[in-house]
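Nothing in this text is a laboratory measurement; each read-out follows from the coordinates by a stated rule. These numbers come from a predicted model, not from an experiment. Every residue, glycine as well, gets a Cβ built from its backbone with ideal geometry; the counts of neighbours run over all protein chains shown.
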Amino acid sequence: MVNINIMEYNFVSIEEKWQRYWREKKVYNSSNNSDLPKYYVLDMFPYPSGSGLHVGHPLGYIASDIISRYKRTKGFNVLHPMGFDSFGLPAEQYAIKTGQHPKITTENNIVRFKEQLNKLGLSYDWDREIKTSDSSYYKWTQWIFLKLYNSYFDKEKNKAVNIDDLKIPKILASRFLNPAYVNKFNLQSEIRRYQLIISIEKTAPFIDSPFSKTTAPWLLFNHNELYSRKRARMHFGLNQMDDKPLIVICGTGNKEELKFFSSLADELKRKLTNIDILFNSPANQPGQMGIWPLLKFIRGVDVLIGSGGYNLVHESRMTETQLFAFPQKRLYDNQFLRLTPDECCNTPEELIYRIEENCNKTVKASTYENGVFSAVKMIEMLQ
């Protein structure tokens, strides 16, 4: 009988030896300058969790590695990279769970994953490693989305074209935009892209755009739905047959303005005894009507008094009701731009003088054309 000495296969030392050789010689690195035919093998990048690889990882990686090695033996320049899907909510949640900064936990987990992947002997080109949490990587994903955002697909040219070249009329219609909001999100350049900007009134911040057009107010109502003067006075709790002029002071939700107009109402009641004075406020406190909106009852009103807000001013315009206002200049709404000089008051004394001068006259407030119709005309001009 022949004795055969079978040498034990020391896989630990052999694997370590050849894997070190592969790394040092960069055996599996692909060349950018090669005459060989190209072959690209892409694996799904794992999320580097704290638990390391699981059995599902090598299940797919071994199969793709077999293909990579086979193609190399067939004379292909094989590109087989590896990376880590390390950016996003899972990394954030793991950091919260462990109480560590996500950058620290992510980098530690990637080191662990690479050690495990190398022990499997997979033929990766580690010089092309990608980490999605690396700013040098995700800046390009952001770049791609910006390109998409600023482009549209031109069917005639069959390619993406800059959105500024889009010939379709673009229309922006708005009451107004808060300038603080516009500036915070840098929307000025976005707003100026539109070929027509329709603003209800010139208080809009984008009025500086060369394409901006101001229309009449867009207050829509049916005149037939407005209460008659007698019915409105009855609703106010006044004598229907009394022909005394009626002044309605409209308060706002602003506490300081509410206090001012409440005090103003008391002063007018003391000094203008031949006129009915009512204070209307959304606060609906004792002594206040709380009718909101006032439009339905406006035929019973001779003079409106308020701060010069959008609704009050345009209800006055559309129903030709005399208005006197104490306008405010706010960040988002300069009420002075909305009013005529004759409508603006600075003091209660000035207001009383104007009321006494005008209340016995037939004074009609300035009127606007229908805002919706004027907006439609502007849009039709673009067609």
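Short-range pairs are left out: with C-alpha atoms under 8 Å and at least six residues apart, the relative contact order of the range 17-133 is 38 percent. Each of C345, C250 was scored by other Cβ atoms within 10 Å of its Cβ. Listed from fewest to most, they are C345, C250. Taking 0.36 nm per residue of separation and subtracting the current Cα-Cα distance, fully stretching the chain between T73 and K157 would add 25.9 nm.
For the range 292-361, the list of GluC sites (Glu not before Pro) that fall in a loop by DSSP and count at most 13 other C-beta atoms within 10 angstrom reads E320. Take the Cβ atoms of K97 and E129, set R0 to 41 Å, and the FRET efficiency comes out at 0.95.
May I ask for the net charge around L79, where only other residues with Cβ less than 14 Å from the Cβ of L79 are counted and Lys, Arg are +1 while Asp, Glu are -1? Numbers along the way, then the final one.
On the way: positive: K26, K38, R69, K71, R72, R128; negative: D43, D65, D125, D127, E129.
In short, +1.
Charged neighbours of L238, selected by a Cβ distance under 15 Å, balance to +3 (K, R count +1; D, E count -1).
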